[in-house]
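Structure, as structure tokens:
The values are calculated or read from the model by the stated rules, or taken from the named source; none is laboratory data. This is a predicted model, so every value here is computed, not measured. For neighbour counting, all protein chains shown are included, and Cβ atoms are generated from backbone atoms with ideal geometry for every residue, glycine included. With ligands, DNA and RNA removed, areas are computed over all heavy atoms of the protein, side chains included. Shrake-Rupley method; radii C 1.70, N 1.55, O 1.52, S 1.80 Å.
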There are 2 protein chains.
Amino acid sequence: MSPDADHPPKRRPTRAETKARTRRLLLDAAARTYARKGFAGASVEEVAEAAGFSIGAVYSNFGSKERLFVELLKERASEQVSRATRIMADAQAGDDPVPALGRLLANAADKDPDFAPLQAEFWLYAVRNPPLMETLAEELRGPRAELESLMGKALEHVGAAGSVPADAVATIAMALFQGLLRQRRIDPASVPDELLGQAMQWLLAGIAASGTTSGAPGPAHPDAPAATDDPAAADRPEENR
Amino acid sequence: MSPDADHPPKRRPTRAETKARTRRLLLDAAARTYARKGFAGASVEEVAEAAGFSIGAVYSNFGSKERLFVELLKERASEQVSRATRIMADAQAGDDPVPALGRLLANAADKDPDFAPLQAEFWLYAVRNPPLMETLAEELRGPRAELESLMGKALEHVGAAGSVPADAVATIAMALFQGLLRQRRIDPASVPDELLGQAMQWLLAGIAASGTTSGAPGPAHPDAPAATDDPAAADRPEENR
DNA sequence: GTCTATATCAAGATAGAC
DNA sequence: GTCTATCTTGATATAGAC
């Protein structure tokens with residue numbers, strides 16, 4: 001609406017700029033606070049104080065406590081997953097993906113202790129509010145497609161492209177990541193850094209072994225659903241013995 | 001207090017018996033209510049009403065809201081995991097573990113919709129209360145040992161015993177189960193019933209392929225963890241920290 | 001746009017009736 | 001041992017000052 005905002009932020013802090021800054025600070029504080037105490041367990045006063053503001057700032061920028069959480073979910077849910085996918089892409093690019101995936105797990109678990117609880121809060125909130133579950137699913141669709149194509153390349157790399165839909169491998173990879181992250185908080189010793197990368201290696205090796213029997217080429221299923229989600233992933237591998 | 005309670009409950013509802021019955025009803029109602037609305041989001045009045053009692057009954061049997069939740073955690077955390085492990089054992093016993101693991105996933109996801117949210121609540125509560133995290137870890141140690149020996153047998157079955165610690169495979173299996181369970185709630189189409197069983201099959205096949213090269217034993221991967229063929233690993237949980 | 005003060009209400013917990 | 005009534009606190013949300 002106001003055409004004055006076409007200058008890069010240089011000297012004069014625009015009204016809309018300070019508001020955007022306050023908004024970001026509040027969202028960051030909300031992420032920390034909701035991760036630490038939970039959505040229902042944390043008060044908006046705690047969030048506001050964590051950001052260095054008072055209650056009024058929250059209600060000025062967001063309408064209610066729920067809206068604040070939903071805005072946070074929309075910003076963070078996709079951001080976090082895309083970050084994980086990007087690191088997975090780097091892991092794939094290098095010769096040995098194991099240490100890269102290990103760093104991914106270690107960073108998400110130890111360096112950012114609020115990540116996993118916040119993800120759990122998002123999931124619980126979405127489960128309890130069906131309309132927002134759809135929103136969460138949509139937010140995750142983009143990063144998930146990236147992960148899917150990444151897994152497709154990984155399948156090609158082990159010579160198992162087409163034998164198994166990349167969709168299934170992407171789901172497994174994501175489930176493994178989140179599950180190991182949670183388990184590491186309960187018992188860190190049981191989830192060493194390398195476990196995620198090793199599991200993915202074993203998984204891909206197993207797919208390769210199941211698809212092509214003992215190195216004999218010839219994928220029995222040349223159908224390769226590239227980007228569309230294929231619910232009929234019940235394509236069972238040939239018996240390996 | 002009264003030593004009259006050594007009779008089997010036949011005709012006279014003992015004072016301690018009715019109290020135990022109330023306790024169980026309250027715990028069941030607490031499980032449902034906390035799963036549906038969360039620990040902080042649900043009031044003790046809701047729990048009491050869901051059980052058919054009033055607030056006083058809760059405070060008579062449990063001291064506080066927190067104690068009620070902790071008692072529920074101690075009862076349910078181990079029960080649920082042991083149930084999953086038992087079904088996995090059945091899956092292992094049969095010729096084709098894929099459909100059995102599929103039923104496990106489908107049952108936990110669809111037939112008992114409160115299971116996954118309650119597990120998430122347990123985890124979040126434990127993460128936020130370090131002393132209870134130790135309790136949760138201890139509760140899970142028993143069922144986890146069973147799962148570990150089960151995975152040891154699975155490794156033997158594919159001829160990869162000793163190449164990889166069963167401990168790691170158990171961790172991966174559990175992470176997969178919980179991760180797929182969560183993902184199924186967000187997008188059911190992306191997690192078909194057979195996915196868990198297939199992932200486990202691929203994983204074991206990959207371990208067999210990586211560990212024993214065409215039947216020759218010996219770990220060939222330098223980045224593999226210390227390959228300890230310790231069959232007593234199931235009986236002996238690792239020392240913490 | 002942000003803060004202070006406050007209205008309103010719900011929830012945890014307790015005391016005494018039955 | 002369980003219920004009813006109540007105390008007390010803390011939290012959401014709002015209204016007006018600066």
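For B:R128, put the label point 7 Å out on the Cα→Cβ axis and report which residues of segment B:22-45 keep their amide N under 16 Å from it.
The answer is B:34-44, whose backbone nitrogens lie closer than 16 Å to the label point.
At a Förster distance of 41 Å, what's the computed FRET efficiency of A:E49 paired with B:E79, Cβ-Cβ distance as r, to 0.05?
Numbers: r = 40 Å, r/R0 = 0.98.
E(calc), rounded to 0.05, equals 0.55.
Which whole-number value in Å³ per residue fits the convex hull of the alpha carbons of segment B:150-196? Could the numbers behind the result be given before it?
On the way: hull volume 3.4 nm³, N = 47.
With only Cα atoms used, segment B:150-196 gives 73 Å³ per residue.
Take the alpha carbon gyration tensor of segment B:77-161, find the square roots of its eigenvalues, order them as a ≥ b ≥ c, and report rounded if a/c is under 1.5; if not, report prolate when a/b exceeds b/c, else oblate.
oblate
Take the Cα radius of gyration of segment B:12-63 and divide it by 2.2 N^0.38 Å, with N its residue count; two decimals is plenty.
Working: Rg = 11.2 Å, N = 52, 2.2 N^0.38 = 9.9 Å.
Computed over Cα atoms of segment B:12-63, the ratio equals 1.13.
Test of understanding: what is the full-extension gain from A:A93 to A:R24, defined as 0.36 nm times their sequence separation minus their Cα-Cα distance?
Numbers: separation 69, 0.36 × 69 = 24.84 nm, distance 3.32 nm.
Residue separation times 0.36 nm, minus the Cα-Cα distance, leaves 21.5 nm.
Longer than 27 Å from Cα to Cα, which of A:K111/A:K153; B:K19/B:K65; A:K37/B:K37; A:K74/B:K111; A:K74/B:K37 are they? Say none if no pair is.
In this structure, A:K111/A:K153; A:K74/B:K111 exceed 27 Å between Cα atoms.
Going highest first, how would you order A:192-203, B:140-151, A:67-78 by mean Cβ packing within 10 Å? Provide the component values of the computation, followed by the final result.
On the way: A:192-203: 23.7, B:140-151: 20.8, A:67-78: 19.2.
Listed from highest to lowest mean packing, they are A:192-203, B:140-151, A:67-78.
Put a label point 7 Å from Cα along the Cβ direction on B:N129, then list its distances to the equivalent points in the other copies in nm, shortest first.
2.6
Which three extents, in whole angstrom, do the alpha-carbon atoms of segment B:109-215 cover along their principal axes, largest first?
That works out to 47, 36, 19 Å along the principal axes.
Between A:D110 and A:K153, 0.36 nm times their residue separation minus their Cα-Cα distance comes to what? Walk me through the intermediate numbers first.
Details: separation 43, 0.36 × 43 = 15.48 nm, distance 2.93 nm.
The A:D110-A:K153 span can extend by a further 12.6 nm.
Quote the relative contact order of segment A:70-215 in percent (integer), defining contacts as alpha-carbon pairs under 8 Å separated by 6+ residues.
Working: 124 pairs, mean separation 46.1, N = 146.
RCO, segment A:70-215: 32 percent.
One decimal, nm, shortest first: give the distances between the label point of B:T14 and those of the same position in the other copies, each label point 7 Å from Cα along Cα→Cβ.
Sorted ascending, the copy-to-copy spacings read 7.6 nm.
With a 1.4 Å probe, how much accessible area is buried between chains B and A, both sides summed, in Å² to the nearest hundred? Please report the intermediate quantities before stating the final value.
Numbers: alone 14530 and 14660 Å², together 24330 Å².
Rounded to the nearest hundred, the buried surface is 4900 Å².
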